Each structure stands twice: as C-alpha cells, then as structure tokens.
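K.L.:
Pasting in a structure now, in structure tokens, and then I'll have a few things to ask.
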Amino acid sequence: MSEYTKMVETMECDRFRYLPPKQIVEHCMSMTLIDMEADGCDGPALERGCGAVWMASHVRFYQFAPLVPGDFLTYRTFPRVIEGNRYIYYVEVYRGDQMVVRFDSSYIPVDKTARHVLRISQVEPLWKTPSRTARSRNLRRLRPAVDFVPCGGDSVRYSDCDINGHMTSGAYLSLACDGLRFWESTAPRFMQMIQLDFASEVLPGTRLRYEKGEGDGVQYLRGVKPDGTVAFTAACIF
C-alpha cells in the first residue's frame, strides 16, 4: 500500500463549494498512475514494451461525506489485482481517520494500432512486482433494467481530450453529471455513488445524445454517438 496526500483547493470545487466527481476521479486515477509508473508499467512503458496504451474500462466511487476547500486528504492506493483480462485498482481516501471516498477502477491494455485488447500474459513481464490477490468488489458492467428516454446531449471538445485524442475519464464524469442535472439544486449535495462504464472511444467534435432512466433510487444516463453506438453508461446516487 502507498499513501499520498493532497489538499482540496478552492478553485477545484463546484458551485456547492464541494470537490466534484470529476476531481475525485482524476485525483484517484492520478495516484494510481503514479503507482503504475513506480512499478514499471505506466503508459510510456506499456507503449515501448507492447505497442499498447492503457484504457480505463470502468470507474466507480462511493463518497461518504462532502469534501471542501482546505481538507487534507490521504490517498491509500493498493497494488493491482488481475480479474480476467483487466487490472483492478483500489483507492481509499481519508480525511483524518474518516474514510470519505472508496474508489475502484479497471484498466485494459489496448494495442495502439490494431485497437484490440492484449492478453494480460503479454503485459505481466513489464511489471517490477507481482500482482496481489484480493477479494473482488464486484466492479461489473452496468446492465440497467430501466426504460430510457431522450434528455438532450452535448458535443465533445478538444479540451475534453487527452494525448491519445480521446475524451478523458474526468470529462465523461462531467458530461454525465451535467446530463443528469446534478448541479441544478437549490441545496448543496454531493455524489454518493457514481459508476461509469466506458463503452467506446469518443473523438473531439462528436455530438452525443443522452438517454436517461431511473430505478431503485439509481439514476442512469447513456451517451450515444451519431451511429447509435453507446459511448458510456453512468449510474448515480445523489
């Protein structure tokens, strides 16, 4: 286990003066990427060794209290776990002795040219340390049994994209929150749970149409590309 600390900055926070979902995910993923680099298999190492790039397939967090400017947070990261053809990373975020966020993510190695997923056995020799065995926290693809209805849409901007030319994980989170009107509330609220499944790559200029549904206290949003391909599915509780 590794530990990193970070203070919540005023300019990171949203209209409720809380650290928003986008920043929570980006902080946790950044700490995970530091671990991957230290263990010898960050993005550049994966590209050199296998001609591949890392792609997140799922992210999810549970938040137990709002995070505000001036909070000093401790991020506890845990070594990778192999599940099928993907790597799972866990992060726990503490404010003092209180766990305030529990974050799960999964990564897949994707051939940069052919765009197919590599076998884990092709990637494992790049790591400096062995993977660990841990109990699964059931980070599985969302299969919402709800009726979806149209609810607007948005366009992907170049400022939403990373060095690979695709929309960043944080940008997906912001689109999902905007699509579900998370911030359109007269009273402050924080995201208690959000899971986002990345279904297909999205390039700048793409116009996404949104479809939403609700069931058992969970709100769902799908982003659909012009050709009908689902780009992402989000599940939220707030």
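The values are calculated or read from the model by the stated rules, or taken from the named source; none is laboratory data. Note that the structure is a prediction, hence the values are computed from the model and not measured. Neighbour counts are summed over all protein chains in view; Cβ atoms, including those assigned to glycine, are modelled from backbone coordinates with ideal geometry. Accessible surface areas use protein heavy atoms only, side chains included; no ligands, DNA or RNA. Shrake-Rupley method; radii C 1.70, N 1.55, O 1.52, S 1.80 Å.
K.L.:
Gln122 to Thr10: FRET efficiency via 1/(1 + (r/R0)^6), r the Cβ-Cβ distance, R0 45 Å, to the nearest 0.05?
P.N.:
Details: r = 44 Å, r/R0 = 0.99.
Computed FRET efficiency for Gln122 and Thr10: 0.50.
K.L.:
Another question about this same structure. For the chain, what is the charge dipole size about the Cα centre, in debye to the nearest 20, if Lys and Arg each add +1 at the Cβ and Asp and Glu each add -1 at the Cβ? The partial results should precede the final answer.
P.N.:
Working: 29 positive and 29 negative charges, 87 e Å.
The calculated dipole for the chain is roughly 420 debye.
K.L.:
Can I ask one more? Pairs of Cα atoms under 8 Å, at least six residues apart: use those to get the relative contact order of the chain, whole percent.
P.N.:
Numbers: 493 pairs, mean separation 48.8, N = 238.
Answer for the chain is 20 percent.
K.L.:
For region 149-209, how big is Rg over Rh, using alpha carbon atoms and the Kirkwood form of Rh?
P.N.:
Details: Rg = 12.7 Å, Rh = 12.8 Å.
In region 149-209, Rg relative to Rh is 0.99.
K.L.:
For the chain, with every protein chain kept in place, what is the accessible area per residue (1.4 Å probe, Å²)? If you can, show how the numbers build up before the last one.
P.N.:
Values: 11530 Å² over 238 residues.
Dividing the accessible area of the chain by its residue count gives 48 Å².
K.L.:
Among all the lysines, which ones have a C-alpha under 16 Å from Lys128's C-alpha, if same-chain residues fewer than 8 places away are not counted?
P.N.:
none
K.L.:
Turning to a different aspect of this structure: Considering every pair of different Cα atoms, what Kirkwood radius, in Å, is found for the chain?
P.N.:
Numbers: mean 1/r = 0.0539 Å⁻¹.
18.6 Å is the Kirkwood radius here.
K.L.:
Could you work out the Rg to Rh ratio of region 86-151, with Rh taken as the Kirkwood radius (inverse of the mean 1/r over all Cα pairs)? Let's see the in-between values first.
P.N.:
Numbers: Rg = 17.0 Å, Rh = 15.6 Å.
Rg/Rh for region 86-151 comes to 1.09.
K.L.:
Run the quick spin-label model on Arg140 and Thr229: label points 7 Å from Cα toward the beta carbon, then report their separation in nm to one decimal.
P.N.:
Using points 7 Å along Cα→Cβ, the separation is 2.6 nm.
K.L.:
Quick one: Debye curve from the C-alpha atoms of region 30-156, no solvent, what's log10 I(q)/I(0) at q = 0.15, 0.18, 0.20 Å⁻¹?
P.N.:
Results for region 30-156 at q = 0.15, 0.18, 0.20 Å⁻¹ read -0.84, -1.05, -1.15.
K.L.:
Multiply the residue gap between Leu203 and Asp154 by 0.36 nm, knock off their C-alpha separation, and tell me the result in nm, one decimal place.
P.N.:
Numbers: separation 49, 0.36 × 49 = 17.64 nm, distance 1.28 nm.
So the chain would gain 16.4 nm between Leu203 and Asp154.
K.L.:
Further question on the same structure: Go through 16-27, 185-196 and give me the packing order, highest mean Cβ count within 10 Å leading. Kindly include the intermediate steps, with their values, before the conclusion.
P.N.:
Working: 16-27: 21.4, 185-196: 16.0.
Descending mean neighbour count gives 16-27, 185-196.
K.L.:
Using the Cα centre of region 1-42 as the reference point, and only Cβ charges (+1 on K/R, -1 on D/E), how large is the resulting charge dipole? Debye, rounded to the nearest 20.
P.N.:
Numbers: 4 positive and 9 negative charges, 77 e Å.
That gives region 1-42 a dipole magnitude of about 360 debye.
K.L.:
Can you work out the base-10 log of I(q)/I(0) for region 23-99 at q = 0.16, 0.19 1/Å, using the Debye formula on its C-alpha atoms alone?
P.N.:
-0.67, -0.88
K.L.:
Just the number, please: Stokes-Einstein D of region 89-218 in µm²/s, Kirkwood Rh from C-alpha pairs, 10 °C, 1.306 mPa s.
P.N.:
Values: Rh = 18.0 Å.
Rounded, D is 88 µm²/s.
K.L.:
Counting pairs of Cα atoms in region 172-238, how many percent are more than 13 Å apart? Kindly include the intermediate steps, with their values, before the conclusion.
P.N.:
Numbers: 1390 of 2211 pairs.
Looking at region 172-238, the distances longer than 13 Å represent 63 percent of pairs.
K.L.:
For Lys6, give me every one of the aspartates and glutamates with a C-alpha distance below 20 angstrom, ignoring sequence neighbours fewer than eight places off in its own chain.
P.N.:
Asp14, Glu26, Asp35, Glu37, Asp71, Glu92, Asp97, Asp104
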